[in-house]
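Heads up, the thing below is written out as structure tokens.
Throughout, read-outs are computed from the coordinates displayed, never taken from laboratory work. Keep in mind that what you see is a predicted model, and the values were worked out from it rather than measured. Glycine also receives a Cβ, built like all others from the backbone with ideal geometry; neighbour counts cover every protein chain displayed.
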Protein chains: 2
Amino acid sequence: MPERNRQVVLKRRPNGMPVPEDFAIAEGAPPEPQPGEVLLRGLYLSLDPYMRGRISGQRSYARPTGIGEVIEGRVVGQVVRSRDPAFGEGDYAFGGYGWQLYSAVPASGLLKLDPAEAPISTALGVLGMPGMTAYIGLADIGQPKAGETVVVSAASGAVGAVAGQLAKAQGARVVGIAGGADKCRYVEAELGFDAAVDHRGGDLGAALDRACPNGIDVYFENVGGAVQEAVFPRLNDFGRIVMCGMISEYNDASPRPGPNLGAVVRKRLKIQGFIVSDQRQRYGEFRAMAAPLVRSGQLKYREDIVDGLERAPDAFIGLLQGHNFGKLLVRLADDPTR
Amino acid sequence: MPERNRQVVLKRRPNGMPVPEDFAIAEGAPPEPQPGEVLLRGLYLSLDPYMRGRISGQRSYARPTGIGEVIEGRVVGQVVRSRDPAFGEGDYAFGGYGWQLYSAVPASGLLKLDPAEAPISTALGVLGMPGMTAYIGLADIGQPKAGETVVVSAASGAVGAVAGQLAKAQGARVVGIAGGADKCRYVEAELGFDAAVDHRGGDLGAALDRACPNGIDVYFENVGGAVQEAVFPRLNDFGRIVMCGMISEYNDASPRPGPNLGAVVRKRLKIQGFIVSDQRQRYGEFRAMAAPLVRSGQLKYREDIVDGLERAPDAFIGLLQGHNFGKLLVRLADDPTR
């Protein structure tokens, strides 16, 4: 029989940058799986920037988390009890739910993971929603051509690292923007971007001019704010902005003004937003493309793993401040496959 | 032999809203057509918002007009002398150049006009660049589906009137924004839009809420400024902004901030600019679609005709202030076909 369940629940809506007191720990009995469901014991919880929107109560594409409810999140775990023939005890699966140790989830929504194919944690990062976000945004909106210049913000992050590597594989000149010398070094030396620009390193515009002598054709936007402001005037005619996220503004109490849109006409720019979950049906296509590249080491990734559910709030706050270095995961229990 | 040529030239770059003193009249001998060229006597000169960009000296998609140079513009006229077998004296043609009475232009760049097909002046409006702008913007970017709500700003203008009528023909609910009761009445009663909203009539946001109970799916942007600000937050998920022009901001000394782009992610918006001249090769496709509709009266248009080249500067300044009502043309000489 499983131990008791623990959850991180929303205590109150954050005002600006979340603080630990916005979260609380709740304990209780693990949920009972219904017919067709399995009880999953979480091994890894994914922390992602989109969660800031969910706990804000703001009208968005998804229902906000209610006060007292468990915070939304994706989990990789191991099946403890199965009430569906598709899963047996001990199977590894992606699709668990929430900042909690145990969840009961419909077997139909779970993806069985084979540890021999790739480390199971990658289903939350390079082979999961973040990697697929990079893939969809580039394929559908960015569409870089060989020789074009692609700029990726949050370049060492879970989405940015994949976006840049895929653009590079398509023949583009790829410039990453990241915060701090360590991340910039990683983006150039490990991920193989053509250049990295430190947004904490002074005059960002001048640094972009040096890194992008032919202007910018595609901007993969994860950050917003001052970075967006520096990139926007450097876009070339027919430039595309892949609007994936604007993490630097998620804690703003009221929206900052954006760039004047006159240049959108003059330069025939395209600025387009997308939400990866609209494209769920393409997960197979993405995984078929990316899993072999991860196995062969051509598609590199980095994980930033924090231990213990109770550290999730602090880790999440750090994510919003750019303190993580690579895909941020919370280890909920030891991974038997490592 | 033709009389002397007269031209309106750029005397100095306007500072904000142009004033008559920014322009000057020059006189001289008409140009000599070279082999392959014709000498065209202008009958109608088209005045269009894009010209404000050309005389500003601002970096854009086209070379700015130099000081002392004739102001750019498209002309419908009659051939006075031809040095190309494709045109004979007396032929009507579209493709003359500049705010002037005569121009020598390559025959290859001229379109012969048949007055029996449609009034020749329409080659500058409903069947010309403005009409085609509406067509391309809707077909390539707006792509309204039946039942969607399309909002068109500058709805009684040369582009807006066509955009709205085409969207209506495609089954959309079409709401026009125009300045003043007369234009709004015209947009509803003559052009057949479902509703018209007066942007001078008080609370634009509330008026849009009433006119667009299901939100806005496509916004055909001709105006910018306060109108853009009112439309933007009312866009539905997957909304599209067809970025055609922002006339209300063309005289700004420095660009105003635009909308925060966070909603572009959340709502998966697409904001895309275009310039009709990039699509020159599709003029035949457009004209084949639109000319029969003009002839049958299904595609309505209205011209605002000012007499005499020397009135072009005042008329152009009025255009930038929204004083024209319909496609603004300058009559350079009597139209023998009317």
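Based only on other Cβ atoms within 10 Å, what is the fewest-to-most ordering of B:MET243, B:MET17? Could you put the intermediate results ahead of the total?
Details: B:MET243 30, B:MET17 13.
The most exposed by this proxy come first: B:MET17, B:MET243.
For A:GLU148, which sequence-distant residues (separation of 5 or more, or a different chain) have an amide H within less than 5 Å of its own amide H, given hydrogens modelled in the peptide plane?
Here A:ARG173 satisfy the definition.
Where nothing but the Cβ of Lys and Arg (+1) and of Asp and Glu (-1) is charged, how large is the charge dipole of the range A:158-291 around its Cα centre, in debye to the nearest 20?
Taking the Cα centre of the range A:158-291 as origin, the dipole is about 380 debye.
Cα-based Rg of the range B:201-338 per 2.2 N^0.38 Å, rounded to two decimals?
Dividing the Cα radius of gyration by 2.2 N^0.38 Å gives 1.30.
So what are the ³J(HN,Hα) numbers for the range A:92-107, from phi and the Karplus equation (6.51, -1.76, 1.60; θ = phi - 60°), rounded to whole Hz, Gly and Pro as x?
With the stated coefficients, the range A:92-107 comes to 9, 8, 10, x, x, 10, x, 7, 7, 7, 10, 9, 9, 9, x, 4 Hz.
Considering chain B as a Gaussian network with a 10 Å cut-off on Cα pairs, which listed residue, B:ARG185, B:ARG63, B:ARG41, attains the greatest mean-square fluctuation?
Per the Cα network of chain B with a 10 Å cutoff, B:ARG63 tops the list.
Mind checking which chain A residue has its Cβ closest to the axis relating A to B, and how many whole Å off it is?
For the rotation taking chain A to chain B, the closest Cβ gives A:PRO257, 2.
Given +1 on the Cβ of Lys and Arg, -1 on the Cβ of Asp and Glu, and no further charges, what dipole in debye does the protein assembly as shown carry about its Cα centre, rounded to the nearest 20?
220
Shape of the range B:137-230 from its Cα gyration tensor (a ≥ b ≥ c, root eigenvalues): rounded if a/c is under 1.5, otherwise prolate when a/b > b/c, or oblate?
In terms of gyration-tensor shape, rounded.
Which of B:ALA139, B:GLY68, B:ALA154 sits farthest toward the positive end of the charge dipole of chain B, with +1 on the Cβ of Lys and Arg and -1 on the Cβ of Asp and Glu?
Value computed over the given set: B:ALA139.
Mind checking the alpha-carbon convex hull of the protein assembly as shown and giving the volume per residue in Å³?
That works out to 175 Å³ per residue.
Quick one: with label points 7 Å out along Cα→Cβ, list the inter-copy distances for A:GLY109 in nm, shortest first?
Computed spacing set for this position: 6.2 nm.
Between the label point of B:THR337 and that of the same position in each other copy, find the distances and list them shortest first in nm, with every label point placed 7 Å from Cα along the Cα-to-C-beta direction.
7.3
For chain A, modelled as a Gaussian network with Cα springs under 10 Å, which listed residue fluctuates most, A:PRO233, A:PRO64, A:PRO255?
Top of the fluctuation ranking is A:PRO255.
For chain B, what are the per-bin percents of Cα-Cα distances with bins 20 Å wide, up to the bin holding the maximum?
Taking all Cα pairs of chain B, the binned fractions are 31, 57, 12, 0 percent.
Can you compute 3J(HN,Hα) from phi for each residue in the range B:140-153, using the Karplus curve 6.51 cos²θ - 1.76 cosθ + 1.60 with θ = phi - 60°, rounded to whole Hz and x for Gly and Pro?
Along the range B:140-153, the couplings run 8, 10, x, 6, x, 9, 3, x, 6, 9, 10, 10, 10, 8 Hz.
If I build a Gaussian network model for chain B, linking alpha-carbon pairs within less than 10 angstrom, which residue out of B:GLN272, B:GLN58, B:GLN170 has the largest mean-square fluctuation?
Judging by the Gaussian network model, the answer is B:GLN58.
With 19 Å as the limit, write out which pairs from A:LYS267/B:LYS270; A:LYS300/B:LYS270; B:LYS168/B:LYS267 have Cα-Cα distances beyond it, or answer none.
Numbers: A:LYS267/B:LYS270 15 Å; A:LYS300/B:LYS270 31 Å; B:LYS168/B:LYS267 24 Å.
Beyond 19 Å between Cα atoms: A:LYS300/B:LYS270; B:LYS168/B:LYS267.
Quick check: the distance between the Cα centres of the range B:8-75 and the range B:169-225, to the nearest angstrom?
So the separation of the two Cα centres works out to 33 Å.
Once every DSSP H run of n ≥ 4 in chain A is given -39500 (n - 2.57) and the sum is divided by its residues, what mean residue ellipticity at 222 nm do you get, rounded to the nearest 500 deg cm²/dmol?
Helix-only estimate at 222 nm: -6000 deg cm²/dmol.
What's the exposure ranking of B:HIS199, A:HIS323, going from fewest to most Cβ atoms within 10 Å?
Least to most surrounded, the residues fall as A:HIS323, B:HIS199.
List the residues, sorted by chain then number, that are 5 or more residues from B:GLY73 or on another chain and whose placed amide H is less than 5 Å from its amide H.
Placed amide hydrogens put B:GLY98, B:TRP99 under 5 Å from B:GLY73.
In whole Hz, what ³J(HN,Hα) sequence does the range A:83-91 give by Karplus (6.51, -1.76, 1.60; θ = phi - 60°), x for Gly and Pro?
10, 9, x, 6, 10, x, 4, x, 4
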